[in-house]
Amino acid sequence: MEIKKATYLISNADYAMCPKADRPEYAFIGRSNVGKSSLINMICLQSKLAKTSSAPGKTQLINHFEIESSIKNSREPKKWYLVDLPGYGFAKVAQSSRRRWEQMIENYLRKRTNLTHVFVLIDSRHKPQKLDLEFIGNLDFWEVPFSLVFTKTDKEKPAVVANNIKAFFDILRETWQFLPQHFITSAEKKQGREEILQFIEMKNESVA
């Protein structure tokens, strides 16, 4: 699959105000400073599509991007939505703001009818984090389809990355019967881009 066009569409704080649910939708989410905007920009091959910031908690709304992609032997482009969600490891904000963000995210994940898949970003430089494990536990409980995307693999020694990923899945194996699919990525090296796009292409075909 090749992305032909990626355009910012709209931002809002209520799932009910999202664009018409008339095409597949893929959401990206992770703790603050996990490299979400950089990954989205890498996938779309645009440097400034999703706004990056050194300050955690920059993304505070549900951000929709309209994507047009093409596949071999098809003349018609496929249209789908890519969504940049606020992080769940929030920056230092008031408790009321934090709860508002949490409710906004939960409502979107549980009620957005065309949400096809959620990519949960995990910082591969760190050992398993409680917040990440709790969040994917919620997704499993809500029956929201998701996969894991381990980010920033170029920022740490390969052995450390491999051990952290193994430790994450070792914890899941204690209580999970089936492990979620995962991707290994580096925004700077464009690692994992083709695998994620192939996965989205497969999902698009299954919901066509």
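Counting only the Cα atoms, the chain fills a convex hull of 123 Å³ per residue. Estimated from helices alone, the mean residue ellipticity of the chain at 222 nm is -11000 deg cm²/dmol (sum of -39500 (n - 2.57) over DSSP H runs with n ≥ 4, per residue). For a straight C-alpha distance cut-off of 23 angstrom, the lysines reachable from residue 130 (same-chain residues fewer than eight places away being disregarded) are 36, 58, 92, 152, 155, 157, 166.
Computed 3J(HN,Hα) for the stretch 31-38, one whole-Hz value per residue from the Karplus formula 6.51 cos²θ - 1.76 cosθ + 1.60 where θ = phi - 60°, is 5, 4, 6, 8, x, 5, 4, 4, glycine and proline marked x. Annotation: the residues 113, 185, 153, sorted from fewest to most other C-beta atoms within 10 Å of their own C-beta, follow the order 113, 153, 185. Using the Karplus relation 6.51 cos²θ - 1.76 cosθ + 1.60 with θ = phi - 60°, the per-residue 3J(HN,Hα) values for the stretch 163-172 come to 5, 5, 5, 4, 5, 4, 6, 4, 5, 4 Hz, with x marking Gly and Pro.
Residues whose amide H comes within less than 5 Å of that of residue 10, counting only those at least five positions distant or on another chain, are 64 (H built at 1.01 Å from N in the peptide plane).
Comparing 177, 198, 60 in a Gaussian network model of the chain (Cα springs below 10 Å), the most mobile by mean-square fluctuation is 177. Here the Gaussian network model covers the chain, with springs between Cα atoms less than 10 Å apart; of 195, 66, 174, 174 fluctuates the most. Going by neighbour counts of Cβ atoms within 10 Å, the residues 150, 199 line up, fewest first, as 199, 150. Whole-Hz Karplus values for the stretch 126-137 come out as 10, 5, x, 9, 4, 4, 5, 5, 5, 5, 5, x Hz, taken residue by residue from phi with 6.51 cos²θ - 1.76 cosθ + 1.60 and θ = phi - 60°; glycine and proline positions read x. Near residue 146, the amide H atoms lying under 5 Å from its own belong to 118; only residues 5 or more places off or on other chains count, and H is placed 1.01 Å from N.
Every number here is computed from the coordinates shown, using simple stated rules; none is lab data. Note that the structure is a prediction, hence the values are computed from the model and not measured. FYI the Cβ positions are ideal-geometry reconstructions off the backbone, even for glycines, and counts take in every protein chain you see.
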